[in-house]
Every structure is written in structure tokens, then in C-alpha cells.
Amino acid sequence: MLKAAGLIEGEAHFTTARASTIFKRCQKVFRPFSEEEASKISSGRNEYLHGAALGITGIPAHVWWPRFWAQAHILLPAQGADISDLVGPERVNTVEVHLAQNKKNIEHQLTSRIEAAKLSLARFRDGRMSGSEQAKWQAAPRWAPVLDYSTEATCPACSNIGRLEGSEIVDRRVTHYGADDRDHFVGTIAEIDVSADYFSCPTCHLVLDRFELICETELGEEGFTVEVDPEDLEEWFEPEYGND
């Protein structure tokens, strides 16, 4: 896929791969492409064409098209193309309306989650929760890590310390330090840059479980850096496509 997209050089060979495999690779290479969202769109299309379910026809056009174009327009620049190359100049404005609607939807989701977390925390502290609500609040999980790597980050709802997490390694660095008398390095520091895909706060119980939501906050889209054991670093390059 990287060769086909022109990101690396080499002789191309063709291998059959499932859509799920392609979506996984696209999420890794073309952030913020979402494997989950692409899979939902693909499943809806397959149900409509090959099954008895309504599939995408059961989703209103004003909901479906913004979701579709939010993913499609991420992949176009990688092919040296833009929206007009795909739909023609006369339909570019229509697509841009859908893209603007998707961004507005994400902003609304973020606002509603933050405001709900603030309200729940205030009600808990003021003793205004019902017995069942308070029991559910106190019985919430202990906020153990969900993904492979994590770091502390300030919660955008209550300003307390939460956890920013991710599994996708964007970059890796190994630094040697402390040369001895023979100029031999005696220490190694390994760091990885991780894409942030999940945020949770143990104080107000805010959860942001999508890359797009995190990007709309001050947490930003740069991800985070963590130090790891050099011996734990895996190979830089992935294996060839499997049929997963």
C-alpha cells in the first residue's frame, strides 16, 4: 500500500488483502483516518448490496455523507489528488458542506461530553445524585490503562490529571549516553512517539475515545512521548499483508 501511495520506492507486487487490513494500514499511515469509521461505512454498504438489511439506506443522507467524506478526503492528498479530481469541480462545494458539518458534529460531541462530565462531578460533590447514580459513580472502573502506552495529561473538563493513551507508535528514537575512556557508550535511552487515541479522567469520569475528539481539545493531535526499555522495541518494519 505504501508503494502504491508513492510513499516509498521499490518494485510493486500485487497481493489480495481484506478491506479490514487496508483500513488498519490507512489508519497507521494517513492520520486521522479511522479504521472503525471506515469499517462501519463498509459494513453498511455490504449489507445493502449483499444482504437483506437496509444498510446505508437506513441512515439519513445528511448523516451518512459527512461521515463518508470525513474519511475519503484524508486519503486523496496521498494520491496527489483533491476533491475535484474525484467528483468534478461542480460538486466540490457540496462535499465541502459535508466536511464542515462533520467538523461541527465532532465539536458538538466534545462539548456535550465535557459539559456532562462537569455536571456529573458537581452533582456528586454536592450530594445531589440519587442513590443508584452515586453507587454507579463510585463503582466506576479504577481507570486502569486501556491501550499499550499512556502519560498524564490535564483534563479539559475539570483540570485534574487524567490519562492520555495510545497504541500506535509514530516514531522511535534510541539515544546513547555516557561514553567511557575508550569512547564506548555505556547507556541507552529509547523513546517512542505515540498517537493519542484515548483520554480518561478518574475525577470527573470524562472519556474521549476518538482521535478526532482529542484533536479538538488542548491535548492536541501531536500525541505524546514515553521512554521504554530499548530491548522492548520491536522491528521497525511490519510484515507483509496478512489476510486478517
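A 1.4 Å probe run over segment 69-219, with the rest of the protein chains in place, finds 59 Å² accessible per residue.
By how many nm would the segment from LEU147 to THR225 lengthen if fully extended, with 0.36 nm per residue of separation less the alpha-carbon distance? Intermediate results must be reported in sequence, preceding the final value.
Numbers: separation 78, 0.36 × 78 = 28.08 nm, distance 1.44 nm.
Gain on stretching LEU147 to THR225: 26.6 nm.
Note on SER159 and LYS40: the extension gain reaches 39.5 nm, defined as 0.36 nm multiplied by sequence separation minus the Cα-Cα distance.
ARG91 to VAL63: FRET efficiency via 1/(1 + (r/R0)^6), r the Cβ-Cβ distance, R0 25 Å, to the nearest 0.05? Write down the numbers at each step before the final one.
Numbers: r = 19 Å, r/R0 = 0.76.
About 0.85, to the nearest 0.05.
Database remark: amide H of PHE33 closer than 5 angstrom to no amide H (H placed geometrically; neighbours at sequence offset of 5 or more, or on other chains; Pro and chain starts carry no H).
In a fully extended conformation the segment linking ILE189 and LEU99 would gain 28.2 nm over its present Cα-Cα distance, using 0.36 nm per residue. Rolling a 1.4 angstrom probe over segment 92-143 with all protein chains present gives an accessible area of which 53% lies on carbon and sulfur atoms.
The values are calculated or read from the model by the stated rules, or taken from the named source; none is laboratory data. Model, not experiment: these values are computed from the prediction. Methodologically, a virtual Cβ is constructed for each residue, glycine included, from the backbone with ideal geometry; neighbour enumeration extends over all protein chains shown. Ligands, DNA and RNA are excluded from the accessible area calculation, which covers all protein heavy atoms including side chains. Shrake-Rupley method; radii C 1.70, N 1.55, O 1.52, S 1.80 Å.
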